[in-house]
Amino acid sequence: KPEEMFDVRSHTHAKTAAEKTNHSMVSAMANRDLWLLTVEFMCFNLVAMALSSFYPKFLETTLAYSKSRAAFVTSLMMLAAIFSGPAGSFLSDRIGSRKALIVVPFMMVTLFFLFPFSITGWMIPAFMVLAGTVMGSIAPVTLAAVPETMPSPALAGIGLGVVALGQNLGMYLGPIMFGALLETTNWDVAGYVMIPVCAIGVVSAWLAGIR
């Protein structure tokens with residue numbers, strides 16, 4: 001009967017579509033470039049959370065800042081990122097390169113961890129503004145690059161979910177790792193340990209197949 005033929009065709013079409021979707025999801029999850037971006041974003045959030053979580057404590061205990069002053073100075077990094085994030089995203093579109101707006105700032109962040117616990121005076125707020133300006137573009141440009149690693153635009157949501165996994169893992173590990181380092185070393189050494197973490201993020205972003 002025509003009705004039965006239509007039902008069989010509809011069922012076959014739905015089954016084929018489901019199989020294609022499952023195959024696409026497996027391909028997406030096995031995507032090397034996606035996981036490289038995830039590692040990069042994990043490293044970025046790890047060092048960013050380590051710095052923002054413990055820098056107020058450093059200012060209080062080492063330089064005798066009040067709690068409110070320490071919090072304000074540290075928050076200058078986020079204030080600067082409010083403006084540099086959209087600017088970096090716009091620039092990545094203009095120059096046609098996501099990778100440049102991730103790798104170059106991340107390389108600068110790597111160098112930043114040589115200084116945050118040895119500077120004093122006016123250099124501290126200046127450093128926080130500079131750090132926020134440089135770091136601001138990394139997160140939005142990384143997220144903008146995710147769809148470029150996926151086999152289909154329809155799978156961009158899966159890609160963003162995987163990268164968010166790296167983000168949350170980095171935010172979880174950063175304060176734990178930095179706090180553990182402070183229990184056995186000092187502020188300078190704990191900062192230096194963040195440098196190889198940054199280096200892993202830089203290399204991961206460089207190797208990712210994004211424009």
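Couple of notes before you dig in:
- Members of segment 65-105 found to be among the polar types (S, T, N, Q) and in contact with a Phe, Trp or Tyr (Cβ under 7 Å, 6 or more places away or on another chain), listed by number: 74
- Tally, over segment 98-146, of residues that are closer than 25 Å to residue 29 by Cα and in contact with a Pro (Cβ under 6 Å, 6 or more places away or on another chain): 1
- Residues being of a type in the set (A, V, I, L, M), closer than 18 Å to residue 205 by Cβ and surrounded by fewer than 19 Cβ atoms within 10 Å (Cβ to Cβ) - total across segment 73-115: 7
- Test for residue 155: is it of a type in the set (A, V, I, L, M) and either surrounded by fewer than 16 Cβ atoms within 10 Å (Cβ to Cβ) or modelled with pLDDT of 95 or more (or both): no
- Within segment 143-165, residues that are within 9 Å of residue 37 (Cβ to Cβ) sit with their Cβ atoms under 8 Å from residues that are surrounded by fewer than 21 Cβ atoms within 10 Å (Cβ to Cβ) and acidic (Asp, Glu), at 6+ positions apart or across chains, in these pairs: 149/33.
- Only one of the numbered conditions (1) under 14 Å from the mean Cα position of the chain (by Cα); (2) farther than 21 Å from residue 47 by Cα; (3) not small (Gly, Ala, Ser) is not met by residue 143, and that is (2).
- Restricted to segment 197-211, and to residues there that are assigned to a helix (DSSP H, G or I) and open to solvent by 70 Å² or more (accessible area, probe 1.4 Å), the residue that is nearest to residue 114 (Cα to Cα) is 200.
The values are calculated or read from the model by the stated rules, or taken from the named source; none is laboratory data. A quick note: this is a predicted structure, and the numbers were derived from the prediction, not measured. With ideal geometry, Cβ positions are generated from the backbone for all residues, glycine too; neighbour counts draw on all protein chains shown. When the accessible area is computed, the model is the full protein with side chains, heavy atoms only, and any ligands, DNA or RNA have been set aside. Shrake-Rupley method; radii C 1.70, N 1.55, O 1.52, S 1.80 Å.
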